[in-house]
Every structure is written in structure tokens, then in C-alpha cells.
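Here's the structure we're looking at; comments come further down.
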Amino acid sequence: MLYAIIIISSILGLWLLSRLFSSQNSQTNAQGTPPIFAALKEDGYRMQTTSYCTKFEKKSSDESIEIEFSSPKRNQYKMDVDFYKKSFNIQLPNNISPGFFEHIVFRNFYNKCIEELQIELLPNVANSGYFTRTSIQKDQINTFDFQSLQDILIKHRHLLDNFDFVDQSELDNDFYKALESEGYVHQLSTQNMLVRYSKIIANCHASVYYIKALDMLFLAISPTSEAAIQEDFRDAFTQLHHFNEKDETTQTSAIAYPSVDTFRQIEFELVEALQQQIIEEE
């Protein structure tokens, strides 16, 4: 009787083990060949497998797409979509320092892209340009689908193809013409997302910034310095005024161009405030 029980237990144990391995193998096969992988290869992507990810790459004359699948944690799968457009870059006017652009302008635009589009705009260290990225995490790799990826790429192309660069025709606005008549000078080249009008007033440096991509217009008054490029917001002295109005209904902000007299009054008040602050600090 004891031997019969042992034999039956052994048979049951082997049967359970076989079921377990069969289940694990079926899961491995299901997870190991996601449908999106086959769809990408069929669409012309080149596949490369490494120890930490599976990467797909596709290039054309003006764009490059890199898609990386990885599993940073158990039961967690990540897809990074990187989009490069060779003709896209962001140039800076000569009177804007890279540090000012990075901390005051680009960081805010990056946050805007994340919030509104779920897209990151990132510097491309390899060629001093920029590229876009979307990162998505899911519990199962088979839930990534090819059509959703195509929709993501459409958003990336739309962002770069319709990027809000400043055009010279926009600066024909009466406000900017008035700035020039008041002695403000500016610089503009191709693919600038901002323009800066500058003027020296006594011991102060006045700057009017128009940042089209952020829909911002503001006046900054800072102490003059001997630096090659006069910068604002480097200390606690900079006086600031935004020419934007917020729509409480839509919670959006739009530029509100001031009249010449209003601008002169604001400029005068900021210069006075800065000079008083400098005197108090001495």
C-alpha cells in the first residue's frame, strides 16, 4: 500500500511539474515575440538585441527614428521613442547666452511639452541639435501596438514641423517698431525661438524678450556688467514685468502689447526701482 501511494504521488508530482513548465514556456513565447516587433520589422525597421534592450532603428534622408524596448523591473515594460529631424535645430541670437537659454527658456518649454504633449524635447549631445522622446511603461509587452506608435510619431513630426520659430515679419508689429525708435536693438537669425531687444539706460541694461514658443513678452531691467553678453536674472537685482494677460475661463495666457506711453512708464518705474535697490545695497 505504501509503495502504491509513493508511485501515485510521484506520478502526480511529475504531471504538476510538466504543467508548470508548459505554462512557463507558453508565457515566455508569448512575451518573447510581441506583435509590435514583427510589425516594426515589416515596416522596414532594423532590429538589434542587446543584453538590456531590444532596439529598432529606421532612417530616411531627413529623419531618424529609434525605438527601444526594455524591462527595468519585473512585470514592467518600457518603450522609448526617439525622433530626430536633421533639418531641425534651435539657434540662439548672439546676445543670448546658452546658460540663460537653458535655465530661463528651454526648461520652461520642456515642461510645456511634457504637460501638453507628453513629449520631451532634449539636446542631442552628438551633434549639438535636439530630438524628441516619448516614454511609455506597461505591465505587458504585448499591449504595445503599432498603430499607437504611429500616432506618437505623428505628434513628434507635428511638433518639429510646426515649431514656433520667430519670423522677421512678426517683428513688423508696431510695438517692436516703437522699441527700435526708442533705441532698442535686436538680433535675429534662422530658427530662433526668442528675440531680445536691448538698451542701456544710465547704469541699467533694459531687455525686452519675445519668446514665441512660450507666448511670452516681458521687460527685464538689470545692472550693467562688463561681461561679453549682458545677462538678466543672475542676481536678486533684476526687475521684471510681463506683458501677458491670463484668460480665467480657459486658463491660458496671451501677449498684451502695451502702448508706447504705457511701456515708457513701466520702463521708468523698473529703472527707478533698480537704481534705488542698488543704492540701498551700497
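The values are calculated or read from the model by the stated rules, or taken from the named source; none is laboratory data. Keep in mind it's a predicted model, so treat the numbers as computed, not measured. Counting neighbours? That spans all protein chains shown, and the Cβs are built from the backbone with ideal geometry, glycine included. Each accessible area value is taken on the protein alone, full model and side chains, heavy atoms only, with ligands, DNA and RNA left out. Shrake-Rupley method; radii C 1.70, N 1.55, O 1.52, S 1.80 Å.
Would you confirm, using the coordinates I've provided, whether Asn75 is surrounded by fewer than 18 Cβ atoms within 10 Å (Cβ to Cβ) and under 14 Å from the mean Cα position of the chain (by Cα)? Spelling it out, it is not the case that Asn75 is surrounded by fewer than 18 Cβ atoms within 10 Å (Cβ to Cβ) and under 14 Å from the mean Cα position of the chain (by Cα).
Does Ile141 satisfy the condition of being in contact with a Pro (Cβ under 6 Å, 6 or more places away or on another chain) and either more than 22 Å from Asp62 (Cβ to Cβ) or open to solvent by 50 Å² or more (accessible area, probe 1.4 Å) (or both)? Criteria met by Ile141. Residue count for segment 103-130, restricted to those that are modelled with pLDDT of 95 or more and among the hydroxyl-bearing types (Ser, Thr, Tyr): 2.
Of Ser61, Ser128, which residue is within 30 Å of Arg196 (Cβ to Cβ), of a type outside the set (Lys, Arg), open to solvent by 80 Å² or more (accessible area, probe 1.4 Å) and out of contact with any His (no Cβ under 8 Å at 6 or more places or on another chain)? Don't jump to the end; show me each part of the working.
Working: Ser61 fails: within 30 Å of Arg196 (Cβ to Cβ).
Step by step, each of Ser61, Ser128 is checked, and only Ser128 is within 30 Å of Arg196 (Cβ to Cβ), of a type outside the set (Lys, Arg), open to solvent by 80 Å² or more (accessible area, probe 1.4 Å) and out of contact with any His (no Cβ under 8 Å at 6 or more places or on another chain).
Among the conditions (1) surrounded by 15 or more Cβ atoms within 10 Å (Cβ to Cβ); (2) at pLDDT 95 or above, Phe100 misses just one, which is (2). The condition (being of a type outside the set (Asp, Glu) and in a strand (DSSP E or B)) is satisfied by just one residue among Ile67, Ile104: Ile67.
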